[in-house]
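Reading through the structure tokens given below for one structure.
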Amino acid sequence: MSTPKWPDALQPPQPAHLQELITSFWVDLATLADLLAREQFLLAAEQVHTLRQTVLQMMLALNGIQRPTTRDLNLYLSASQRTALEKTLLQPSAEDEPMAEIWIAQAVALVVIYRWYAPQLEAKYGLLYPHDQEKAAWQLLVANLPTWPRQVTTE
């Protein structure tokens, strides 16, 4: 059986960077509480994009690589990983739903994906799960966004 030829130079993930990613996810998510409460939708869109990039890097790390600079990202993700991330891109029409709800829905979808990958990365790379940051972010989101869910289950 031959080893596949990848179009990019691949590097293994760095545990210190992964620790930073799983911690920064909650810090970045907490920022949405303020942005959405003030109807800063353009900044909220950027913040959700940042969250999506974090989750993408987590997926690639679990696949054994750092995110490469590439024009062929689909090669490095499984079909289920691509589908999960692509679903976070979908948004209802702004006419059908308030703008804040669009970004909340995408952020919640990313939380679900994050909670699937973070524990696996924690186990594989000896990372520390950022419980304090998660708790602080959740409290801020619930306090500032009336429609933010009180809990999100991943089962």
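General observations
- For Leu75: the one exception among (1) in contact (Cβ under 8 Å) with a residue 12 or more places away in the chain; (2) assigned to a helix (DSSP H, G or I); (3) surrounded by 14 or more Cβ atoms within 10 Å (Cβ to Cβ); (4) of a type outside the set (Ser, Thr, Tyr): (3)
- Residues in the range 78-94 that are modelled with pLDDT of 85 or more, surrounded by fewer than 17 Cβ atoms within 10 Å (Cβ to Cβ) and either on the phi > 0 side of the Ramachandran plot or not acidic (Asp, Glu) (or both): Ser78, Ala79, Ser80, Arg82, Thr83, Lys87.
- Test for Arg150: is it part of a loop (DSSP other than H, G, I, E, B), under 21 Å from His17 (Cα atoms), of a type in the set (Lys, Arg) and without any contact (Cβ under 8 Å) to a residue 60 or more places away in the chain: no
- As a summary of the residue check, Trp103 satisfies the conditions (1) under 17 Å from the mean Cα position of the chain (by Cα); (2) at pLDDT 90 or above except for the one numbered (2).
- Search result, residues across the range 107-138 that are surrounded by fewer than 19 Cβ atoms within 10 Å (Cβ to Cβ) and not in a helix (DSSP H, G or I): Gly126, Leu128, Tyr129
- On the stretch given as the range 103-125, residues that are of a type in the set (A, V, I, L, M, F, W, C) and more than 21 Å from Arg150 (Cβ to Cβ) total 2.
- Pro13 meets the conditions (1) outside any loop (DSSP other than H, G, I, E, B); (2) touching a residue at least 60 places away in the same chain (Cβ under 8 Å); (3) buried (at least 19 other Cβ atoms within 10 Å of the Cβ) in every case but one. The failed one is (1).
- Verdict on Thr23 being under 16 Å from the mean Cα position of the chain (by Cα), surrounded by 13 or more Cβ atoms within 10 Å (Cβ to Cβ), β-branched (Val, Ile, Thr) and modelled with pLDDT of 95 or more: yes
- Condition met for Thr31 (surrounded by 16 or more Cβ atoms within 10 Å (Cβ to Cβ), among the hydroxyl-bearing types (Ser, Thr, Tyr), under 30 Å from Asn144 (Cα atoms) and in contact (Cβ under 8 Å) with a residue 24 or more places away in the chain): no
The values are calculated or read from the model by the stated rules, or taken from the named source; none is laboratory data. No experiment lies behind these values; they were computed from the predicted model shown. Every residue, glycine among them, receives a Cβ derived from its backbone with ideal geometry; neighbour counts consider all protein chains shown.
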